[in-house]
Amino acid sequence: MKNFYITGISGTGKTTIANILKEKGIQAYSIDEVPKLCFWVNKNDEKIVDYEAKLDQTFINSNKWICDVKMLKDILNQEGKVVMLGHTENEKDFLNLFDKIILLRSKPETFLKRILERKDNDFGKEKTVQEYLLKTYQEFESDVLDRGAVSVDADEPLNIVVNNIISEIQ
């Protein structure tokens, strides 16, 4: 297997895990941190949002976070073994590019606590967005599992989660 996609609801540890995998010499990318790979678009006209997003329920109702599938294909074709971590609203358009999909799962109290404590990302700090995540995470997880994802318990200590992921991508 060559390409792996690790996804999960906000707060399951994707960016942290990407950084640890990189430290271990694994070609890993946080999909949100690759310049111009992901961006907000308006749900009505599909135009790129070119203003500073206020990450509240009103904004989320009107916009969606998407990945440039062509750019993603280019990254996957240029690299050897790639581990991509992230979550976008158009994942269904590119999951087939990966040999294995891994779903990070955690209890709501865990992912909400992590969202509130993180310092590098404001997504989910607004109460209405937390309510949105609580309403949607089970359907999201079911959908990804139905597409053949392997489940990894992200409530485990970080070193165990990373070891479980490494086992899945070896």
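Could you run through the range 3-54 and say how many residues are open to solvent by 50 Å² or more (accessible area, probe 1.4 Å), part of a helix (DSSP H, G or I) and in contact with a strand residue (DSSP E or B) (Cβ under 8 Å, 6 or more places away or on another chain)?
Qualifying residue count for the region: 3.
Return the pairs, sorted by first residue and then second, in which the second residue is of a type outside the set (A, V, I, L, M, F, W, C) and crowded, with 17+ Cβ neighbours inside 10 Å, the first residue lies in the range 64-80 and is in a helix (DSSP H, G or I), the beta carbons are less than 6 Å apart, and the residues are 6+ apart or on different chains.
Sorted first by the residue in the range 64-80, then by its partner, the pairs are 76/3.
Checking residue 24 against (1) touching an Asp or Glu at 6+ places or on another chain (Cβ under 9 Å); (2) in contact (Cβ under 8 Å) with a residue 60 or more places away in the chain; (3) basic (Lys, Arg), which test does it fail?
The single condition residue 24 does not satisfy is (1).
Please verify whether residue 112 is in a helix (DSSP H, G or I) and either open to solvent by less than 70 Å² (accessible area, probe 1.4 Å) or of a type outside the set (Gly, Ala, Ser) (or both), treating the condition exactly as stated.
So residue 112 passes the test.
Filter the range 137-150 down to the residues that are open to solvent by 40 Å² or more (accessible area, probe 1.4 Å) and part of a helix (DSSP H, G or I), then identify the one that is nearest to residue 115 (Cα to Cα).
Taking the candidates together, the pick is 138.
What are the pairs with Cβ atoms under 7 angstrom where one residue, in the range 1-15, is without any contact (Cβ under 8 Å) to a residue 12 or more places away in the chain and under 17 Å from residue 72 (Cβ atoms) and the other, located anywhere, is open to solvent by 10 Å² or more (accessible area, probe 1.4 Å) and not in a loop (DSSP other than H, G, I, E, B)? Sequence gap at least six, or different chains.
Close Cβ pairs (under 7 Å, with a partner that is open to solvent by 10 Å² or more (accessible area, probe 1.4 Å) and not in a loop (DSSP other than H, G, I, E, B)) do not exist here.
Against the condition free of Cβ contacts under 8 Å to residues at least 40 places away in the same chain and within 14 Å of residue 15 (Cα to Cα), how does residue 119 come out, does it pass? Break it down into steps so the answer makes sense when it comes.
Details: free of Cβ contacts under 8 Å to residues at least 40 places away in the same chain: yes; within 14 Å of residue 15 (Cα to Cα): yes.
Yes: the conditions hold for residue 119.
Quick check on this structure: which one of 103, 145 is farther than 16 Å from residue 13 by Cβ and under 16 Å from the mean Cα position of the chain (by Cα)? Can you show your working first?
On the way: 103 fails: farther than 16 Å from residue 13 by Cβ.
Going through 103, 145 in turn, the sole match is 145.
The values are calculated or read from the model by the stated rules, or taken from the named source; none is laboratory data. Just so it is clear, the model here is predicted, and its values are computed rather than measured. Because the Cβ atoms are built from the backbone with ideal geometry, glycine has one as well, and the counts that use them run over all protein chains shown. The accessibility values were calculated without ligands, DNA or RNA, using every heavy atom of the protein model including side chains. Shrake-Rupley method; radii C 1.70, N 1.55, O 1.52, S 1.80 Å.
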